[in-house]
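The values are calculated or read from the model by the stated rules, or taken from the named source; none is laboratory data. Worth saying up front: this structure is predicted, and the values here are computed from it rather than measured. Positions of Cβ are backbone-derived with ideal geometry, glycine not excepted, and every protein chain shown enters the neighbour counts. Please note that ligands, DNA and RNA were not included when accessible areas were found on the heavy atoms of the full protein model with its side chains. Shrake-Rupley method; radii C 1.70, N 1.55, O 1.52, S 1.80 Å.
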Amino acid sequence: MHTPHETTAVPRDHGEPSHVFGPMRSAVMAALVGAITFVVVLEFLVLTSFIGQRLWNDDALFHEVLFTLPLVLWLLILVAAVVICLRTITSWLTVGEQGFATHGLFRRAVSHEWSDVARLVAVRDVTRVPLPTERVPAPEDPYDGVYVVGTNGRRLATFSGRLFGARAQHAVIDQARAAGTEVEEVDQLAPRELRTRVPRSIPVADLHPGLVLLAVVAFYAAHNILTFIVWGL
């Protein structure tokens, strides 16, 4: 597994240096491959129809709503893919003895001191399928998520192993423990159990992945059918 880019920034006061972690290369590649898949592969009929018929010369384009709709939908998918890629590529995590901060394009900047944190919940595996009894997670394996809970009981941040990697997660845990913050490590939790333990830790989409997949399949099927009906081949 690739490790994230890490740099060390020396603070102005006399404390331990802060560690800065970038996204895992595997996360960047996954974002790029996903973007190409959703924008090009699954939209092959739309692109073939548009380019093959040179529809940019058609007078109906941008003048008739139904005729323009397939292109508008494709442009919306393109914009969403670019946003997700930039959100992933530009993600940065800073961890130090004073606290932590995350920032990046199209991402809400988060910055908290350890005094704002009540506890950390580090979950090795968030899944609906029970782990085999013979499988013992290695200490160097990344957690599915490290969830930061504030003193008000709300989730302050989530550090994904797929995005930042194990080194970043362990840096967060080590600094939290050094600051006297409670750290709870769990081998496995179901999504609903995790959401009960850490409010708002799991998006609704992750609670119902089957419905999300069905919605994506239905959207792309409808988009391609619409393209075939309006533009043809």
Worksheet item: Between residue 60 and residue 84, what is the label-to-label distance in nm when each label sits 7 Å out along the Cα-to-Cβ direction?
Response: 3.1
Worksheet item: How much of the accessible area of the chain, in percent, comes from carbon and sulfur atoms when a 1.4 Å probe is used?
Response: 62
Worksheet entry | Length-normalised contact order for the chain - Cα pairs under 8 Å, 6+ apart - percent | 22
Discussion item. Between residue 118 and residue 208, what is the label-point separation in nm under the 7 Å Cα-to-beta-carbon projection?
Written reply: 2.9
Discussion item. Only four residue types carry charge here, +1 at the Cβ of Lys and Arg and -1 at the Cβ of Asp and Glu. Report the dipole size of the chain about the Cα centre in Debye, rounded to the nearest 20.
Written reply: 300
Discussion item. Under 10 Å, Cα contacts only: if you run a Gaussian network model on the chain, which one of 42, 189, 213 comes out with the highest mean-square fluctuation?
Written reply: 213
Fill in: Tail fraction, Cα-Cα pairs, region 139-233, threshold 20 Å, whole percent
53
Discussion item. So if I take the centroid of the Cα atoms in region 22-47 and the same for region 169-195, what is the distance between those two points in Å?
Written reply: 31
Worksheet, complete the sentence: With Rh as the Kirkwood radius over Cα pairs, region 69-118 has Rg/Rh of 1.27
Worksheet item: If you build a Gaussian network model of the chain, linking Cα atoms that sit under 10 Å apart, which residue out of 206, 144, 116 swings the most?
Response: 206
Practice prompt. Can you tell me how much longer the chain between residue 177 and residue 222 gets when fully stretched, taken as 0.36 nm per residue apart minus their C-alpha distance, in nm with one decimal?
Written response: 11.1 nm
Worksheet entry | Options [x] 55, 52, 28; [y] 77, 59, 39; [z] 67, 46, 34 - which one matches Cα extents along the principal axes in Å as calculated here | [z]
Item to complete: Please name whichever of 56, 202, 39 sits farthest to the positive end of the charge dipole of the chain, dipole taken about the Cα centre and charges placed at Cβ: Lys and Arg +1, Asp and Glu -1.
Response: 56
Response to the item:
Heavy-atom accessible area per residue of the chain, all protein chains kept, 1.4 Å probe, expressed in Å², is 58
